[in-house]
Amino acid sequence: MPPGACNSIACIVFPSFEKSVERKIACRHSDFKFIIVRMIMHLEDQIMLEELRTLVLFAEEGSIQNVARRLPLTQPAVTRQMQRLEDMLATTLLDRRQKPPRLTSAGLEVLARAKDILASVEALKEFAADAEPQGVLRVGLAHGLSDASVAGAIAGAAAAFAKISLRLKTGWSAELIEQFERGQLDMAIVLRPADHQGPEALGSERLCIIAQAGAHLADARMPWVLSPEPCDARQTLVSSLGGGRHPLVVAAEIQDPAMQMEWVRRGHGLGLMPLRLAARGLPDGLALVDLEGVDLSLQVVALRSPHLNRLAKAVEAIAKAVGEAIKIGT
């Protein structure tokens, strides 16, 4: 923790505590954890952390009813928490003319500050207790990465943290990104265009084209066996073929990979699969197809919440494990 961090956090929460912190920070290091714990107790009493947590949950869930189900509390109890926070801040946080109520502009501003305060308090608790990562970790995984090797990598990384409870959810990348941005996921491992740049990139996922072994192949205008929209691989294929200039002829829309390969094996069309999986051996009756000028590459990206706190080590371990799993030849 950088020098003065505790002081700055105290100023954010309540300025009257600033001078007290300055005096206590001068104490010897052996007393420091005790001071931190006392600060946390004071925070809990002064700024109604439970009400702030309820406000954050309301922003995520969108209704009092859903917040009550998550806490769990009765709906009247959640309503009273919101009203207490409004009374304390002397401002209206919810526009109750709308059904369900929505956050006002003041409510959105308070929400942003509440997230910072809660993150700071959690950081203080973690420092004081030297606690290992713990809690519920909500992870989203793109359908295109939902195979045994990636699943094993995620499970193995999470198993190293005994106090972590993993909640894994699969979906299309666009859906998972939306849920991540709404705060419903702590981490989202998704597929993005090949030219995507950023520190969250874990590596490349190259796709290959498969067909019935021994089939006479013409070109990309042959029928295809693909996952339904908004499949990431399908969108990449459309882009690589030039969009509308070479429209796909889709013979079958099948989400299950095993059934897709069986349909391709029976000669109903071309299919797609990750090259890293094909490199380990194709099922009987299938063969790789090389279509000139078709580049089917995607970036694997790990989106991380800025409010992970003690979950950050587990998220980093999962990201590293998935990055290794998607390498061709692993």
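So which residues in the stretch 296-320 are under 27 Å from residue 234 (Cβ atoms), small (Gly, Ala, Ser) and open to solvent by 20 Å² or more (accessible area, probe 1.4 Å)?
297
Inside the stretch 54-92, can you point out the residues that are touching a Ser or Thr at 6+ places or on another chain (Cβ under 9 Å) and farther than 25 Å from residue 185 by Cβ?
If we filter the stretch 54-92 for residues that are touching a Ser or Thr at 6+ places or on another chain (Cβ under 9 Å), which is where we start, we get 64, 67-68, 71, 73, 78, 81-82, 85-86, 91-92.
Across the stretch 54-92, the qualifying residues are 85, 86, 91, 92.
State yes or no: is residue 291 in a loop (DSSP other than H, G, I, E, B), under 18 Å from residue 224 (Cβ atoms) and either open to solvent by 30 Å² or more (accessible area, probe 1.4 Å) or not aliphatic (A, V, I, L, M) (or both)?
On the way: in a loop (DSSP other than H, G, I, E, B): yes; under 18 Å from residue 224 (Cβ atoms): yes; either open to solvent by 30 Å² or more (accessible area, probe 1.4 Å) or not aliphatic (A, V, I, L, M) (or both): no.
Judged against the criteria, residue 291 is not a match.
Would you mention how many residues in the stretch 254-274 are open to solvent by less than 40 Å² (accessible area, probe 1.4 Å) and among the aliphatic types (A, V, I, L, M)?
5
Out of all the residues in the stretch 250-274, which are under 21 Å from residue 214 (Cβ atoms) and either part of a strand (DSSP E or B) or in contact with a Phe, Trp or Tyr (Cβ under 6 Å, 6 or more places away or on another chain) (or both)?
Across the stretch 250-274, the qualifying residues are 251, 252, 269, 270, 271, 272, 273.
Could you run through the stretch 82-121 and say how many residues are in contact with a Leu (Cβ under 8 Å, 6 or more places away or on another chain) and assigned to a helix (DSSP H, G or I)?
11
If you check every pair at least six apart or on different chains, which have Cβ atoms under 7 Å apart with a residue in the stretch 153-169 that is more than 16 Å from residue 325 (Cα to Cα) and touching a residue at least 24 places away in the same chain (Cβ under 8 Å) first and a residue that is open to solvent by less than 60 Å² (accessible area, probe 1.4 Å) and part of a helix (DSSP H, G or I) second?
Correct list of pairs: 160/317; 161/314; 164/158; 164/314; 166/158; 168/154.
Mind listing whichever residues of the stretch 275-288 are part of a loop (DSSP other than H, G, I, E, B) and either open to solvent by 70 Å² or more (accessible area, probe 1.4 Å) or in contact (Cβ under 8 Å) with a residue 12 or more places away in the chain (or both)?
Within the stretch 275-288, the subset part of a loop (DSSP other than H, G, I, E, B) is 279-285.
Hits for the stretch 275-288 are 279, 280, 282, 283, 284, 285.
The values are calculated or read from the model by the stated rules, or taken from the named source; none is laboratory data. For clarity, every value in this text was computed on a predicted model and none was experimentally measured. Positions of Cβ are backbone-derived with ideal geometry, glycine not excepted, and every protein chain shown enters the neighbour counts. Side chains included, ligands, DNA and RNA excluded: accessible areas come from the protein's heavy atoms. Shrake-Rupley method; radii C 1.70, N 1.55, O 1.52, S 1.80 Å.
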